[in-house]
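Written below as structure tokens is the structure these notes are about.
Every number in this text was worked out from the coordinates using simple rules, so none of it is lab data. Everything numeric in this text was worked out from a predicted model, so none of it was measured. For neighbour counting, all protein chains shown are included, and Cβ atoms are generated from backbone atoms with ideal geometry for every residue, glycine included.
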């Protein structure tokens, strides 16, 4: 297993420097393709057809909305700057909707992400979809502005399936609820 | 992913020819180290320290009994010629005992395996250990003499956690209950 | 956001000054605030390019699921999922917008009080609309197998295979949603519908036990056929493909045994070989989990094959899928798989796809006419999707 | 075999002539028939080389577990496991042969009626010996965190953190096995024991809320400290290491904030920096999930560090573990990890080990004195073992 281990370490270090936003995912590399953090390697992205979602076996999407660039099935999509969980876009929902048969949590934590199209900072509500088991597809964890649970509504480690009939977590959305003013 | 895919296919074919007893496991390669059926490749076995169990992160064992050769933490251990599931030897039990807090199924299906030490055919009872969730470690599936469920006591696809307080399957043992006479 | 701020608990306000402060009305040219909550819906009738991938989840068997997948779509292939735990069985109705899951739950998840139940899901919302408790804790638990849950009488009756290890078949009137009967089938297994109100089961003595029912699920007649296979020398796989009421059972060593299931009393038909002498030399054999599937429109059978077969290789999967004319038994094509295959399923499509569970536990999609690989659908969508159903 | 044949159902005999026929008495020089059933037991007091790996199992969160691992053993490292589902909390007693799991189950596994409960397990048999139902469906559910379940009063009281999002702390007399109180801690989180009958919680306004109890779990006094950290600029990690009653809280940017928890009223202590100016240039920061651990005997702290830190890198894990004298804050060693690390835990051993959850979700074991890697324990033993406890 040495080569595999080495790959993981190399990958981890590589990504920690080069695409740092993703390095926790690197830590979780094995959870993506198992054994090695392959999807995070540029080579893997290329192998995976270029412009791939970064998740092998997951095809790229668009938001279908002007001024909302990027791939909602990729962990690099701008709205996901502080998401933690499985992307509903990969699970029968979308970046702004829950998969059939799940329930969207009415409350959750929020982040602030910059839309590269207009350079503006949007307030993103990461509502969880609940009442079915872990989707397990497209695990994505970014932590810009994440603060531990003593700042509850700025924390992404909390199971936000609260106020729902079931607290079982399935996947996460990234919904625009407003725009951050200079004040922020 | 192409190289990874290729590896799987190559591995699968390789093993199908060379160590055929393991090829279903090859099919399940990704379930062992994820993505590639690495532990089944001779190279991986070597990398893994030689004489390894074949499962990365699982250290080899002995039965501790004269005349009972091989590694009970390896899918190649002679008693496992028809086992299907997680090896209790990797889960806090042994090849003949259940992990703490589980319940051994009183009935199960049986196989006939040849002990390389004495060349004799032993009747092996593959009692399941039950009442905790899937151990998930050391998945092993060999099918010598396995027959579909219409021959219930020769079938290893059945959840044999029967006659136990819980039918939840955790891992499998391989217990000697007798020796096969010429009659067999 | 409305919902969100409405529910914002005052006690936490110290912690959430940010949202309260920084949200300004959206000016033009900016993306608008989006509604909460939004939950997707599916059509009441699913396209023929969809499949149900039944993932028993070896690594957490209590927490299996069925994933609904569009194999033809370029993206957004994953349409939704249903819980299906503890060696569950699954069946979709073609007459009603309903899906059925026969499963088992425990009051403490892995222990405690056992409840077997049939849960009825609504196809559009994938939400449970009703459940029927299955009495006695008898539900048979096997690595996923289609013939543990089957319809009779034009989908009016739903049959569940029980195994304790006493074997019996539970008969449910699924329109009335009530249990009608529990019928012993000693020494036999599985449910193979035959005719309108009858089903066969394969038995340890190489026969098929045929159970004929009346409208109320009571036994009209139960009888065994003559022995017609050899479980000791060359067992039949227990998962046949069906074309026009004919069941095609492969054998471990590569024969196809046909059984005419169109009448209440099945008729054992002729058999034929999958491989030619030269191939038999190389020990080409069928193998995998769901190893045979059919395209009913064209009358073609598809069988997953591997080389160098031996006693115990019958679950090994394969590198090729061989295609046959079901009536003549003539092989008309071979598809070489891109990735080692474990299970196969043809879609119910004019120009059908072959869907293959590969060794990575992802789905490979092939266009049958051309034999060309189309795409792989995975990304940890599944753990162990061993059984595939073409969508109704 | 006795058991087995005794239970062999007659109805299935057609299917099982083989065992009945071929079992002959065992002659000398052959391996003997072995007893059934046999179930292993563990010692009532676990060796100091054992750890509890709490695996929340992201991929099936309802079905998490705690795995007991001997990190020193050459093989058979996996000693056993406990169910711990739906963002469970876990705590081991050092006074009683008991293990505690606070978890949540649903009547239909992922839906239906919710039951929160504290399950008490027997250390020798890993079987449940009792349970306490936790009322109101309030149990806080977080990616695993030790400070959601803590003892007070010499392990007589067991405290559970509730979050609905109203924050409160449930007080259980675990000797009497009854619930004493549920105490609001508005705008604050977690349980940090201080003194005999008091606990702190970190708050959104940068203070610590201190709740003092009487013997019966009633509130004697509740007050906030002065603000002592800066959640906006440089948040404290909420998972401190403890040495002799002093809590060491790292900050995102690399400070250590000490709090003296030995008295009923915690005293905010001094802070010190983890990295030197040159290292700060390279943005070396602490990061991962369980990023700090202590060897109490030697008074050493261990911190998981990564280079090129930034806003959002605080869960990234790290490539090195830096070792400090807790009293002086002087760095005395660096351990370069063989594999990227996510969580770290020192064992309670004279010659202790450092156990690291690596990026493959396996455990790497290092000998602290030498800094040498000893072994990797994995093979899908765990899915996401983010929290490690040294065994009592």
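Under 10 Å, Cα contacts only: if you run a Gaussian network model on chain C, which one of C:332, C:132, C:256 comes out with the highest mean-square fluctuation?
Between C:332, C:132, C:256, it is C:332 that shows the largest mean-square fluctuation.
Would you report the distance distribution of C-alpha pairs in the stretch C:289-344 as whole percents per 5 angstrom bin, up to the bin with the largest distance?
Percent of pairs per bin, in order: 4, 21, 28, 23, 17, 6, 1.
Taking a quarter of the surface of the convex hull around the Cα atoms of the stretch A:72-176, what do you get in nm²?
Computing the convex hull of the Cα atoms and averaging its projections yields 5.8 nm².
Can you give me the distance in nm between label points at residue C:350 and residue D:224, each placed 7 Å from the Cα along the Cα-to-Cβ direction?
Result for the modelled spin labels: 7.0 nm.
Which three extents, in angstrom, do the Cα atoms of the stretch D:60-164 have along their principal axes, listed largest first?
44, 35, 25 Å, listed from the longest principal axis down.
I'd like the FRET efficiency for residue D:233 and residue B:76, computed as 1/(1 + (r/R0)^6) with the beta carbon distance as r and R0 of 45 Å, rounded to 0.05.
It comes to 0.20.
Let me confirm one metric for peptide C:69-80, namely the mean number of other chain beta-carbon atoms within 10 Å of its residues' beta-carbons.
Per residue, the number of nearby Cβ atoms from other chains is 5 on average.
From the label point of residue D:281, set 7 Å from Cα along Cα→Cβ, how far away are the matching label points in the other copies, in nm, ordered shortest to longest?
Computed spacing set for this position: 7.4 nm.
Which FRET efficiency, nearest 0.05, do residue C:41 and residue D:214 yield, Cβ-Cβ r, R0 45 Å?
0.25
Can you give me the Cα centroid spacing of the stretch D:164-211 and the stretch A:132-184 in angstrom?
Going from one Cα centre to the other spans 24 Å.
Divide, for the stretch D:252-326, the radius of gyration over alpha carbons by 2.2 N^0.38 Å, where N is the residue count.
1.17
So how do B:114, D:207 line up by other beta-carbon neighbours within 10 Å, fewest first?
Fewest-to-most ranking of B:114, D:207: B:114, D:207.
Among D:296, D:369, D:131, which one shows the highest mean-square fluctuation when chain D is modelled as a Gaussian network with alpha-carbon springs under 10 Å?
Of the options given, D:369 has the highest mean-square fluctuation.
Go through B:151-158, C:281-288 and give me the packing order, highest mean Cβ count within 10 Å leading.
For the peptides B:151-158, C:281-288, the packing ranking is B:151-158, C:281-288.
Could you please state, rounded to a whole Å, how far the C-alpha centre of the stretch D:345-367 is from the C-alpha centre of the stretch D:292-314?
14 Å
Once every Cα of the protein assembly as shown carries one equal point scatterer and solvent is ignored, give the base-10 log of I(q)/I(0) from the Debye formula at q = 0.07, 0.10 Å⁻¹, two decimals.
-0.63, -1.30
Suppose only helical runs count, i.e. DSSP H with n ≥ 4. What mean residue ellipticity at 222 nm does that imply for the protein assembly as shown under -39500 (n - 2.57) per run, divided by all residues and rounded to the nearest 500 deg cm²/dmol?
The per-residue figure over the protein assembly as shown is -2000 deg cm²/dmol.
Each label point is 7 Å from the Cα along the Cα-to-Cβ direction; what then is the distance between the points at residue D:320 and residue B:181, in nm?
Computed distance between label sites residue D:320 and residue B:181 equals 7.2 nm.
Determine, at each q value in 0.17, 0.23 (inverse angstroms), the log₁₀ of I(q)/I(0) that the Debye formula gives when each Cα of the stretch C:147-207 is one equal point scatterer.
Debye curve over Cα of the stretch C:147-207, log10 I(q)/I(0) at q = 0.17, 0.23 Å⁻¹: -0.51, -0.89.
Of all beta bridges DSSP finds with both residues in the stretch C:175-226, what is the antiparallel percent, to the nearest 5?
Percent antiparallel among DSSP bridges in the stretch C:175-226 is about 100.
Other chains near D:121-127: what is the mean number of their Cβ atoms within 10 Å of each residue's Cβ?
Mean number of neighbouring Cβ atoms from other chains: 3.
Average projected area of the Cα convex hull of the stretch D:119-221, in nm²?
The orientation-averaged projected area of the Cα hull of the stretch D:119-221 comes to 7.0 nm².
What are the label-to-label distances in nm, one decimal and shortest first, from residue B:119 to the same spot in the other copies, with labels 7 Å along Cα to Cβ?
Those separations, rounded to one decimal, come out as 8.5 nm.
Could you work out, residue by residue across A:90-97, how many beta carbons of other chains sit within 10 Å of that residue's beta carbon, and then give the average as an integer?
6
Among C:269, C:312, C:85, determine the one that fluctuates most according to a GNM of chain C built with springs between C-alpha atoms less than 10 Å apart.
It is C:312.
If you bin every alpha carbon distance in the stretch A:128-184 into 5 Å steps from zero, what whole percent lands in each bin?
Computed distribution, short to long bins: 4, 15, 20, 25, 22, 8, 4, 2.
To the nearest 0.05, how large is the calculated FRET efficiency for residue D:29 and residue C:272 if R₀ is 41 Å and r is the Cβ-Cβ distance?
FRET efficiency, residue D:29 to residue C:272: 0.25.
Please report the antiparallel percentage of the DSSP beta bridges confined to the stretch A:50-184, to the nearest 5.
95 percent
Sticking to Cα atoms, compute the Rg of chain D to one decimal and its Dmax as the biggest Cα-Cα distance, whole number, in Å.
Values for chain D (Cα only, Rg and Dmax): 23.7, 81 Å.
Could you give, in nm with one decimal, how far residue D:369 is from each other copy of that position, shortest first, with labels 7 Å out from Cα toward Cβ?
7.4
Using packing as a proxy for protection, rank C:320-326, B:71-77 so that the peptide with the highest average count of other Cβ atoms within 10 Å comes first.
B:71-77, C:320-326
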